[in-house]
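**Q** Take this structure, written in structure tokens, and hold onto it; I'll ask about it next.
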Amino acid sequence: MLNVVQSYSAMTLAPTLRSLPPLGETPSTVRRVIDYMRISITDRCNQRCLYCYSENFNSWSARKDLLTAPEIISVVRSAAELGVRHIRLTGGEPLMREDVLTLIKQLKTLPGIESVQLTTNGNRLTMMADDLYEAGLRRINISLDALNPSLYRAITRSDVTPVLDGIRRVKELGFESVKLNTVLMRGRNQHQLMSLVHFAAEYDIPIRFIELLPVSFSEMLDEQNFLSIGEVRAELARHDSLVPVTEFLGHGPATYYRLPEIGATVGFIGALTDLHFCDSCNKLRLTADGKLRPCLGNHIEYDLKPVLRPAIDPAAIRMELQTAIKGKPLEHLFRDHYQPKRIMTAIGG
Ligand code: SAM
């Protein structure tokens, strides 16, 4: 039995959170169009980020329980018929899956699918960037929590050099969209903020700062490590002005600003402190083991296995998708004593 760390979800809220009105005072009224699906193609990862895995984690899904490529394709085909236009492959580490290139190629040919994107930790990118480009991938997000090699290793338990080389390679190849993702934690990588922003500016890559979420069983998910995007913004404002970006930069929940002096574009993903975070949520998630999950911060899931095995039933898949879309909660429960039941890598980060 995995040991859920109680301190985070049962935490007395950080001062920044405590000063906000309680969840529910700003009900979402915006009509949300669900046109984006994030797919965890494996729950395995070749990094051990502190906030993602507990020290001794080894509860991987059995291979036979992971969706096969034909099963994933059939789910996406049905989803496209219902209006899904954008797919993001994630994990775990999606580049660990042997058929990732084939999957990308096949997903790109599906009627209705306008973009196939991928989120990676980047440590296989030097080897794989050219093949990914060749397979038709044009949009990629790369996680980068620190530039300092020893700090990067302390957070991810791996080497930053191949990640930086991989970032340079995707820029050389001319991917249409490259973005960096950073989970900033108080007292851990907080002081890397400005170096990361300058690095992003140097390579002309938007960088997004993500609030730590209670989505794993890691000991790190503690209030002491939580850093709100409000604080990150305030720190950035000491160095430059923050000019809201109006042009479209992606299908996700980030809000973007331009730092004109530094020449950087920064995004903020503040699921815990942004009260309007869910207003425009356009996502469905497909877990590595075949569950449709309409909201990361809510336990509701719809199991697709019975309509995929022993035989793929497209009409039944469509019905499950419709139910999941209808059942998408208006708001997540992260601020409401949320206790994760399984970790983000299985759900799809
Ligand atoms: N392995 C890939 C990667 O590292 O980008 C994709 C999966 S990973 C789960 C996707 C994103 O989720 C990463 O940017 C990671 O930093 C973020 N993430 C993981 N656990 C998190 C947590 N507890 N709070 C906030 N973000 C988290």
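**Q** If you take the residues in segment 72-105 that are in a helix (DSSP H, G or I) and surrounded by fewer than 19 Cβ atoms within 10 Å (Cβ to Cβ), which one is farthest from the ligand (Cβ to nearest atom)?
**A** Among those residues, the one meeting the criterion is Glu81.
**Q** Moving on to the next point. Across segment 41-71, which residue is nearest to the ligand (Cβ to nearest atom) among those that are under 30 Å from Leu151 (Cβ atoms) and among the hydroxyl-bearing types (Ser, Thr, Tyr)?
**A** The residue in question is Tyr51.
**Q** Another question, then. When the residues of segment 178-221 are narrowed to those that are open to solvent by less than 20 Å² (accessible area, probe 1.4 Å) and aromatic (Phe, Trp, Tyr), which ends up farthest from the chain's Cα centre (by Cα)?
**A** The residue in question is Phe199.
**Q** Please state which of the following conditions Gly250 fails to meet, knowing it meets all the rest: (1) in contact with a strand residue (DSSP E or B) (Cβ under 9 Å, 6 or more places away or on another chain); (2) open to solvent by 40 Å² or more (accessible area, probe 1.4 Å); (3) on the phi > 0 side of the Ramachandran plot.
**A** Of the numbered conditions (1) in contact with a strand residue (DSSP E or B) (Cβ under 9 Å, 6 or more places away or on another chain); (2) open to solvent by 40 Å² or more (accessible area, probe 1.4 Å); (3) on the phi > 0 side of the Ramachandran plot, the odd one out for Gly250 is (2).
**Q** Report, by residue number, each residue of segment 269-295 that is among the polar types (S, T, N, Q) and surrounded by fewer than 20 Cβ atoms within 10 Å (Cβ to Cβ).
**A** Hits for segment 269-295 are Ser280, Asn282.
**Q** What are the residues in segment 295-332 that are under 21 Å from Ile73 (Cβ atoms), in a loop (DSSP other than H, G, I, E, B) and under 23 Å from the mean Cα position of the chain (by Cα), if any?
**A** Glu301, Leu304 - these are the residues of segment 295-332 that are under 21 Å from Ile73 (Cβ atoms), in a loop (DSSP other than H, G, I, E, B) and under 23 Å from the mean Cα position of the chain (by Cα).
**Q** Let me ask you something else. Identify the residue in segment 265-300 that is touching a strand residue (DSSP E or B) at 6+ places or on another chain (Cβ under 7 Å) and farther than 17 Å from Ile325 by Cα and, among all such residues, is nearest to the ligand (Cβ to nearest atom).
**A** Per the stated criteria, the residue is Ile269.
**Q** Report, ordered by the first and then the second residue, all pairs with beta carbons closer than 8 Å, sequence separation of six or more or different chains, a first member in segment 55-75 that is free of Cβ contacts under 8 Å to residues at least 60 places away in the same chain, and a second member that is open to solvent by less than 30 Å² (accessible area, probe 1.4 Å).
**A** Trp60/Asp43; Ala69/Leu103; Ile73/Leu103; Ile73/Leu107; Ile73/Leu110
**Q** Something else: For residues in segment 106-156 being small (Gly, Ala, Ser) and away from the ligand (no atom under 16 Å from the Cβ), which is farthest from Cys45 (Cα to Cα)?
**A** Only one residue tops the list, namely Gly112.
**Q** Moving on to the next point. Give me the pairs: first residue in segment 115-128 and part of a loop (DSSP other than H, G, I, E, B), second residue more than 10 Å from the ligand (Cβ to nearest atom) and open to solvent by 20 Å² or more (accessible area, probe 1.4 Å), beta-carbon distance under 8 Å, and six or more apart or on different chains, which are they?
**A** The qualifying pairs are Gly122/Pro162; Asn123/Asp159; Asn123/Pro162; Arg124/Pro162.
**Q** If you scan segment 38-71, which residues turn out to be polar (S, T, N, Q) and open to solvent by 20 Å² or more (accessible area, probe 1.4 Å)?
**A** Asn46, Ser54, Asn56, Asn58, Ser59, Ser61, Thr68
**Q** When only residues in segment 175-203 that are assigned to a loop (DSSP other than H, G, I, E, B) and in contact (Cβ under 8 Å) with a residue 40 or more places away in the chain count, which is farthest from the ligand (Cβ to nearest atom)?
**A** The residue in question is Phe175.
**Q** With within 30 Å of Gly136 (Cβ to Cβ) and assigned to a helix (DSSP H, G or I) as the only criterion, which of Leu151, Leu249, Leu164 stands out?
**A** Leu164
**Q** Here's something else I'd like to know. Does at least one position in segment 220-241 carry a residue that is within 12 Å of the ligand (Cβ to nearest atom), out of contact with any Gly (no Cβ under 8 Å at 6 or more places or on another chain) and farther than 17 Å from Asn189 by Cβ?
**A** No.
The values are calculated or read from the model by the stated rules, or taken from the named source; none is laboratory data. Just so we're clear, the structure is a prediction, and the values are computed from it rather than from any experiment. No Cβ is skipped: glycine too gets one built from the backbone with ideal geometry, and neighbour counts run over all protein chains shown. We work out accessible area using only protein heavy atoms, side chains counted, and drop any ligands, DNA or RNA first. Shrake-Rupley method; radii C 1.70, N 1.55, O 1.52, S 1.80 Å.
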